[in-house]
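Since every read-out is calculated from the coordinates, none of them should be taken as a lab result. Predicted model, so just to flag it, every value in this text is computed and none were measured. Glycine also receives a Cβ, built like all others from the backbone with ideal geometry; neighbour counts cover every protein chain displayed.
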Amino acid sequence: AQTVTQSQPEMSVQEAETVTLSCTYDTSESDYYLFWYKQPPSRQMILVIRQEAYKQQNATENRFSVNFQKAAKSFSLKISDSQLGDAAMYFCAYRSAREGAQKLVFGQGTRLTINP
Amino acid sequence: NAGVTQTPKFRILKIGQSMTLQCTQDMNHNYMYWYRQDPGMGLKLIYYSVGAGITDKGEVPNGYNVSRSTTEDFPLRLELAAPSQTSVYFCASSPSLSRISLFFGSGTQLSVL
C-alpha cells in the first residue's frame, strides 16, 4: 500500500519570504500523480499544484513550485513571496495511475503560519 | 457552478443515533468518494464509487454504509453513531481520468456526544 509522509507538523515564514514544505512517499509503482492541497480555516480543500510522475519537469503555478525527485520519492512544495493568505494546512497526496485505482492517499499535513 | 454540495455543514448526534450525510455533484462525474478527517490528521477514505450502482470500501469503512443510485448523489449513512466517528466528513468527485484531481465539497463537521 502506498503511504505519504509529511515530517513537518508546523512551519512558519515571514511575509514575502520563501518556504519549502516537505513530503515523501512510498510506492512500488512507476506511474502516478502527486498533489499539494491547501486547506484554509474555511475547511475547503483547494488544489495548489499537480505533478505527473512521468514528467521530469517540475510543475509550477505562479508562486508555487515543486521539487519532484522520483528516485528519492520526494515531492516538496516551495512557496515564494509568501502572503498572509497562504496561511493554511497543506496536504501532500498520492494517486496511482493504475486502471481502477482512483483514490487519493494523504499525508498528515503541515500547518503553515505567515508572520507579518 | 455548484460543484460538489454537502449537507448539513454541522451536526451533533447522540451516541446510538443514525443519520445520513448528503452529497450531490452536478459535473456528471463517475467517481465519488467519502473521506473523513480527524483533528490534526490527513484525510482517510471511507467508501468510494466508480459509477451508479457500484460502491466499494476504502480504508476505514466500519460503521458506515453508502449507496449510489444515481450519478449525482452519493449519501453516507452512519448507523449507531459512536464518539470515534466525530470527525469532518468530505465528499469528493472526479471524472474518469486519473490525472485529474478530486473536486471536494466543503465538508460536514460531525460531533457524536
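Values computed for the structure shown
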{"read-out": "Subset of the range A:1-48 [of a type in the set (D, E, K, R) and either in contact with a strand residue (DSSP E or B) (Cβ under 7 Å, 6 or more places away or on another chain) or more than 12 Å from every other protein chain (Cβ to nearest Cβ) (or both)]", "value": "A:GLU10, A:GLU15, A:GLU17, A:ASP26, A:GLU29, A:LYS38, A:ARG43"}
{"read-out": "Residue count, the range A:4-53 (criterion: of a type in the set (D, E, K, R) and out of contact with any Phe, Trp or Tyr (no Cβ under 7 Å at 6 or more places or on another chain))", "value": "6"}
{"read-out": "Long-range neighbours under 9 Å by Cβ, at least six apart or interchain, first residue outside any strand (DSSP E or B) within the range A:71-94, second among the basic types (Lys, Arg) and surrounded by fewer than 23 Cβ atoms within 10 Å (Cβ to Cβ)", "value": "A:SER80/A:ARG63; A:ASP81/A:ARG63; A:SER82/A:ARG63; A:GLN83/A:ARG63; A:ASP86/A:LYS38; A:ASP86/A:ARG63; A:ALA87/A:ARG111"}
{"read-out": "Test: residue in the range B:59-73 that is closer than 13 Å to A:LYS103 by Cα, within 11 Å of chain A (Cβ to nearest Cβ) and either touching a Leu at 6+ places or on another chain (Cβ under 9 Å) or in a loop (DSSP other than H, G, I, E, B) (or both)", "value": "yes"}
{"read-out": "Number of the exception - B:SER93 against (1) within 29 Å of A:PRO9 (Cβ to Cβ); (2) touching a residue at least 40 places away in the same chain (Cβ under 8 Å); (3) within 14 Å of chain A (Cβ to nearest Cβ); (4) part of a strand (DSSP E or B)", "value": "(1)"}
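Every residue, every condition in (1) among the basic types (Lys, Arg); (2) touching a residue at least 40 places away in the same chain (Cβ under 8 Å); (3) under 16 Å from B:SER106 (Cα atoms), yes or no:
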| position | (1), (2), (3) |
| --- | --- |
| B:GLY3 | no, yes, yes |
| B:LYS14 | yes, yes, no |
| B:GLN17 | no, yes, no |
| B:GLN22 | no, yes, yes |
| B:ASN28 | no, yes, no |
| B:GLU59 | no, no, no |
| B:ASN62 | no, no, no |
| B:ARG68 | yes, no, no |
| B:PRO75 | no, yes, yes |
